[in-house]
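Report on one structure; see the data block that follows.
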Amino acid sequence: MSNKIIGAVASTVLGTTLLTASFSATADDHQLAISGNAGIMSDYIFRGIVQDDAVGNGGIDLEFGGAYAGVWAADVGDGIEYDIYGGYIHEFESAYVGAGYTAYRYTEASFDSDYDEINLYAGASMGAVSVDLEYTMGEYDGDYSNGDDEYTFMALTGNYGGAYVTYGDWGKDAGDDMGSFFEVGYTMELGGIELTGAIVDTTDADAIAEPDETQAYVSIHWGFDIL
């Protein structure tokens, strides 16, 4: 899900996609902007949880003033994951607040079930330093949560130049404790292509991953303007 919320805000991935950079609206109040993105990840890790390896992905985003909408898809081996999202960001001189909705869908139910989320986020910057906060309230159409299909997730990301560190935590209302994680990475631009390398350390993730698991990934991301 590296770009699941990245059209709105930073996360991991995110991830999109958030992946880990502050949201910045590029369209003015009276102009529609359409952009696309494509990439590949050595390992698709979203909120500390491994989804698949060697994942190709891409999407389209629309922005109009502070409003945004988009779709992002990834080949997860067992079918396609596709995410649909939209929301609104209000920017101040050196800060932002926003809210959005994200729907995660899968062409093969054997890979995962559907998720629907309300995403709240805020951030501030000062020079090369910025901080991003995400709080999510979600609903999961599956059976992992012992009959309670609601969950929460929060993440705090600090950025300095191209370097970032993220702490994320799954709320205990997701049934079994899905744990927390730290992600440390660096993003650089080379010829219009963004290269990211990161290490993810997951702790106490009893429901999904092995406890105290540390993994690394690299990703290549290309963003381009359509309109």
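The values are calculated or read from the model by the stated rules, or taken from the named source; none is laboratory data. Treat the numbers as computed from the prediction; the structure is a model and nothing was measured. Ideal geometry is used to build each Cβ from the backbone, glycine not excepted, and the neighbour counts take in all protein chains shown.
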Tally, over segment 180-215, of residues that are hydroxyl-bearing (S, T, Y) and at pLDDT 90 or above:
3
May I ask you to verify whether I118 is out of contact with any Leu (no Cβ under 9 Å at 6 or more places or on another chain), closer than 21 Å to A33 by Cβ and in a strand (DSSP E or B)?
no
Within segment 42-72, take every residue that is in a strand (DSSP E or B), under 14 Å from the mean Cα position of the chain (by Cα) and among the small types (G, A, S) and give me the one that is farthest from G98 (Cα to Cα).
G58
Condition check for Y82: of a type in the set (S, T, Y), farther than 15 Å from R47 by Cβ and assigned to a strand (DSSP E or B)
yes
Take the residues in segment 29-78 that are more than 25 Å from L156 (Cα to Cα) and polar (S, T, N, Q), then tell me which one is surrounded by the most Cβ atoms within 10 Å (Cβ to Cβ).
S35
Residue ID - modelled with the lowest pLDDT, chosen from residues in segment 97-112 that are closer than 22 Å to V50 by Cβ and loosely packed, with under 15 Cβ neighbours inside 10 Å
S110
In segment 151-179, anything under 18 Å from N119 (Cα atoms), in a strand (DSSP E or B) and either polar (S, T, N, Q) or at pLDDT below 90 (or both) is listed as Y151, T152, T157, T166, W170
If A109 satisfies every condition in (1) part of a strand (DSSP E or B); (2) over 14 Å from the mean Cα position of the chain (by Cα) but one, which is the exception?
(1)
Name the residue, out of S130, S94, S110, that is touching an Asp or Glu at 6+ places or on another chain (Cβ under 9 Å) and among the polar types (S, T, N, Q).
S110
Of the residues V9, V50, which single one is touching a Gly at 6+ places or on another chain (Cβ under 7 Å) and at pLDDT below 95?
V9
